[in-house]
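No value in this document is a laboratory result; all are computed from the given coordinates. In this text the structure is predicted, and so the values were computed from the model without any measurement. Here the Cβ is made from the backbone with ideal geometry for all residues, glycine too, and neighbour counts use every protein chain on show.
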Amino acid sequence: MDNSYNFTELENKWQKKWEEEEIYKTENTEDSEKYYVLEMFPYPSGDLHMGHVRVYSIGDVIARYWSMKQYDVLHPMGWDAFGLPAENAAIKHGNIHPREWTWDNISRMKKQLKRLGLSYDWDREVTTADPDYYRWTQWFFLQMFKHDLAYRDESPVNWCPGCETVLANEQVIDNACERCDSEVEERELEQWFFKITDYAERLLQDHELLDWPERVKEMQKNWIGKSEGTIINFPVRGRNKNLEVFTTRPDTIYGATFMALAPEHPLVEELAASSEKEEEIYEFVERAKKRKKEERTSPESEKNGIFTGSYALNPMTGRDIPILIADFVLMSYGTGAIMSVPAHDQRDYDFAQKYDLPIRVVIQPEDREEKLTTEELDEAYEESGVLINSEKFNGLTTEKAVAEIAEEMEKRDIGYRETNYSLRDWLISRQRYWGAPIPVVYCDKCGIVPVPEEELPVELPHDVEFTPDGESPLGKVEDFVNTSCPECGHPAHRETDTMDTFVDSSWYFLRYIDPHNEELPFSPEKAEDWFPVDQYVGGIEHAILHLLYARYFTKVVYDMDMILDSEPFSNLLPQGMVLKDGAKMSKSRGNVVDPENIMAEYGADTARLFILFASPPEKDLEWDDEGVAGAERFLNRIWRLVNENIEFLNDVSTADLEVQSLEGPGKDLYRKLHETIKKVSADIGQRQTLNTAISAIMELYNEVSSYLQNTGKQELNYPLVKMTVKKTLLLLAPFAPHITEELWDRMNQKGSIHNQEWPDYSEQALQRDEVTVVIQINGKVRDKIQVRPGLGEDELIEKAKKRDQVQKYVSEKEIIKTIVVPDKLINLVVK
RNA sequence: GCGAAGGUGGCGGAACUGGCAGACGCGCUAGAUUUAGGAUCUAGUGGUCUCUACCGUGCGGGUUCGAAUCCCGCCCUUCGCACCA
């Protein structure tokens with residue numbers, strides 16, 4: 001008998017057979033519950049990497065488990081196929097079209113995925129770059145437009161000079177492009193936006209409904225950036241105008257000693273025009289605008305300002321306060337203007353010191369007797385306390401004052417309470433070729449006209465010069481641009497920008513539900529059967545981008561009454577990275593492990609088993625060649641366990657197993673089997689610690705193996721071994737689908753192992769005849785005794801006291817306390 | 001600076017409800033088998049040691065009969081946020 005098995009031959013054989021017999025076709029039966037397992041679909045870069053192997057293996061185990069639990073499982077796969085790399089590759093290689101490049105990559109990656117033996121229903125494959133798909137992406141755009149959620153606006157936007165396109169705020173990390181790392185510039189452009197800000201509150205509130213890791217919710221919460229405060233109107237002196245500011249601390253209004261405008265604030269020009277130092281002010285504003293955003297928004301950087309020459313009126317005190325322009329004030333947050341309270345805000349304090357502006361204390365610690373003075377401060381007092389120097393509000397606590405002052409302002413029509421979010425609307429226009437065209441026509445007469453639904457898709461023309469030059473490539477295709485207005489029929493031109501690829505991936509999980517529907521993106525009836533996704537698996541890098549956009553889209557679709565749930569992913573499992581030598585795999589580091597090589601050398605089952613065993617799914621995983629060899633050894637042992645005993649495994653029947661008469665090692669083995677079933681089920685189904693599930697199966701193998709070794713041929717309980725082996729294979733099937741299928745077949749079992757029912761455990765089988773009770777003296781383990789379970793406390797203590805080990809410690813001392821945990825532990829406290 | 005997660009043998013990790021720390025695997029040591037092995041099997045493997053005990057889960061304290069697990073303080077690592085008014 002060979003020590004190892006020919007995995008290549010065997011894996012090919014079963015993959016072919018599974019495909020022929022369509023064993024992974026999605027079923028929707030009346031009386032079964034559904035389970036929708038989804039892993040984030042890949043960008044078809046052309047090559048599978050270890051990160052892919054990890055996510056898809058995790059998802060596959062979960063899908064196979066629920067399927068064996070007799071759920072109707074939806075487990076689909078597709079391609080996030082639009083995007084820049086296709087264009088860049090085409091530019092680089094000169095003669096290959098993005099479409100060709102993408103489709104070639106898809107077919108290559110599909111082969112690689114199939115080689116992993118994943119249980120996908122490929123009939124539901126979805127490709128976002130396919131007109132049959134993006135037609136519906138465009139359809140959603142039109143719905144957004146209809147519901148006033150898509151709008152065109154001119155505003156300062158992020159421009160990536162590397163990618164030669166604009167980016168959404170979410171795609172800018174530390175002022176650099178998320179894709180290519182180029183430093184992002186600000187440009188004033190007219191672009192399409194989705195109104196995600198309308199949904200800010202719901203996106204925040206509905207976190208409650210989600211079984212997601214706290215840190216992911218926290219990241220989204222930070223991004224949305226809710227803060228509750230008050231908008232206050234400061235009249236500008238000598239003008240019939242108000243200066244609006246947003247503050248979370250209206251209680252400090254009596255301490256506001258100056259106003260600060262963002263350099264981009266619309267009032268700047270007007271105020272400057274009437275100042276003697278007009279030139280100087282413009283110079284300052286220009287300088288501030290040129291200052292890098294990064295520099296301007298870092299807490300450490302120097303704050304600069306200039307006086308406008310104008311004054312505002314503090315609406316509570318009636319006092320004049322100067323209006324300045326300050327580069328630390330951001331136009332993009334609040335109203336772009338602030339009231340500055342140097343005594344109680346560190347930034348304002350630093351600024352006031354630098355420009356010699358008055359500082360007025362209005363809050364002091366509650367326990368303080370005499371008044372806190374400006375002279376005593378060497379930094380801002382930002383904590384809460386009680387109000388002073390605030391007229392009728394003196395003595396109120398911060399908390400009360402915030403409410404009462406806001407109320408008073410509302411009454412006197414000076415201000416009103418408002419909630420601010422730092423979330424901005426989602427900029428979806430891209431000046432690139434390889435994306436879904438935005439389905440809009442511009443007509444001189446009718447203005448912006450959406451393309452009628454029945455004319456979708458607006459197809460992406462094939463022959464395009466797409467070398468980026470900052471202009472949309474589609475703009476150079478006359479056949480595409482020139483069209484007629486859908487409303488008046490006059491000549492008109494098409495929108496030439498394409499949509500952000502995150503739009504494509506914001507609804508793909510809905511298309512899987514009904515991928516061939518030609519009337520609608522999906523039918524609401526089918527969505528009722530399958531939506532939402534029960535388990536979503538994917539990388540944490542999408543914590544904000546994709547996951548937030550997908551949630552937003554889902555809420556919009558929910559508001560359109562097409563689905564019954566307003567959240568797409570009930571459960572989220574963000575898997576960790578695959579590392580090599582302690583670092584992320586990368587070509588430049590030269591530490592890349594190629595899945596193709598691993599599969600060729602060890603086979604898919606081994607690769608899957610190792611990657612799932614080495615670490616719990618959420619943690620980073622260190623790739624270890626020796627560890628892979630260990631996984632292979634284990635599968636070889638299983639192989640031999642069946643093949644070396646194949647004769648009796650085929651001869652005996654598990655029906656002959658008499659559970660009642662089991663005793664000794666046989667009974668122990670039987671109990672271990674049931675313990676393992678219990679543990680593996682919980683580890684996959686509830687805890688999602690696939691590594692410990694595999695450990696448990698290994699332990700079970702070790703038990704069978706030593707039972708076989710240590711029991712004489714006469715005493716061996718053959719039906720018991722057969723039962724154990726069969727169930728071991730069933731437990732292992734989700735992890736190593738090929739080898740278990742082959743061995744199942746060799747044991748002459750009917751049907752695919754993957755269509756079998758997941759084994760159940762019996763409570764009775766878990767019962768022990770004897771339990772080990774630990775005896776501690778003063779909390780230290782000194783002895784152990786075997787007793788029957790449920791033995792009374794007194795008897796246990798009696799037994800324990802008789803032990804030599806115990807006598808040694810107890811004989812000349814006094815027992816002052818005994819603690820008994822039945823069936824587990826006795827602790828004797830002696831003095 | 002704020003927030004979150006984490007720190008356990010030589011390594012990856014386990015300990016799920018406060019109750020035997022180190023399951024399972026890798027590596028290592030010895031032996032068996034073999035022409036040979038980087039194959040397979042068996043046994044051992046936290047440290048110290050006066051050989052039956054002591055020490056041991058980042059560090060220091062506390063609660064408890066009993067702490068990797070709970071509480072307080074500190075250190076370190078990773079991630080996220082950060083002039084958000």
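Below, the figures for the structure above:
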| quantity | calculated |
| --- | --- |
| Gap separating the Cα centres of the stretch A:673-737 and the stretch A:143-202, nearest whole Å | 54 |
| Reachable lysines, given that their alpha-carbon falls under 26 Å from the alpha-carbon of A:K13 and they are not under 8 places away in the same chain | A:K25, A:K69, A:K110, A:K111, A:K114, A:K722, A:K726, A:K727, A:K750 |
| Computed label-point distance, nm, for sites A:N12 and A:D668 using a 7 Å Cα→Cβ extension | 4.5 |
| Positive minus negative residues near A:V481 (Lys, Arg vs Asp, Glu; Cβ under 10 Å) | -1 |
| Residue exposure sequence - A:T102, A:T772, A:T606, A:T483 - by fewest surrounding Cβ within 10 Å | A:T772, A:T483, A:T606, A:T102 |
| Reciprocal of mean inverse Cα separation for chain A (Kirkwood radius, Å) | 32.2 |
| Gyration tensor (alpha-carbon) shape descriptor, the stretch A:175-285, a/c threshold 1.5 | oblate |
| Relative contact order (%) - criterion: Cα under 8 Å, at least six apart; region: the stretch A:293-391 | 20 |
| Sparse-neighbour loop sites [trypsin sites (Lys or Arg not before Pro); the stretch A:549-650; at most 11 other C-beta within 10 Å; DSSP] | A:K587, A:R589 |
| Total formal charge among the other residues, if their Cβ is under 14 angstrom from that of A:K580, Lys/Arg +1 and Asp/Glu -1 | -3 |
| Relative contact order %, chain A, counting alpha carbon pairs below 8 Å whose residues are six or more apart | 14 |
| Efficiency of FRET from Cβ geometry, A:N571 and A:D148, R₀ 30 Å, rounded to 0.05 | 0.35 |
| Tilt relative to chain A, helix A:625-643 - C-alpha long axis, 0 to 90 degrees, to 10 | 40 |
| Degrees separating the helix A:50-68 axis from the principal Cα axis of chain A, which is the longest one | 60 |
| Normalised contact order of the stretch A:673-831, rounded percent, pairs of Cα under 8 Å and 6 or more residues apart | 18 |
| Unsatisfied cross-links (Cα-Cα over 30 Å) in the set A:K17/A:K555; A:K195/A:K400; A:K679/A:K808; A:K241/A:K277 | A:K17/A:K555; A:K195/A:K400; A:K679/A:K808 |
| Over the stretch A:1-142: Rg over Rh, Cα atoms, Kirkwood Rh | 1.03 |
| Degrees separating the helix A:214-224 axis from the principal Cα axis of chain A, which is the longest one | 20 |
| For the stretch A:753-811 and the stretch A:482-558, distance of Cα centres in Å | 59 |
| Environment charge at A:L427 (Cβ cut-off 10 Å; Lys +1, Arg +1, Asp -1, Glu -1) | -2 |
| Global form of the stretch A:542-676, assessed from the alpha-carbon gyration tensor, a/c cut-off 1.5 | oblate |
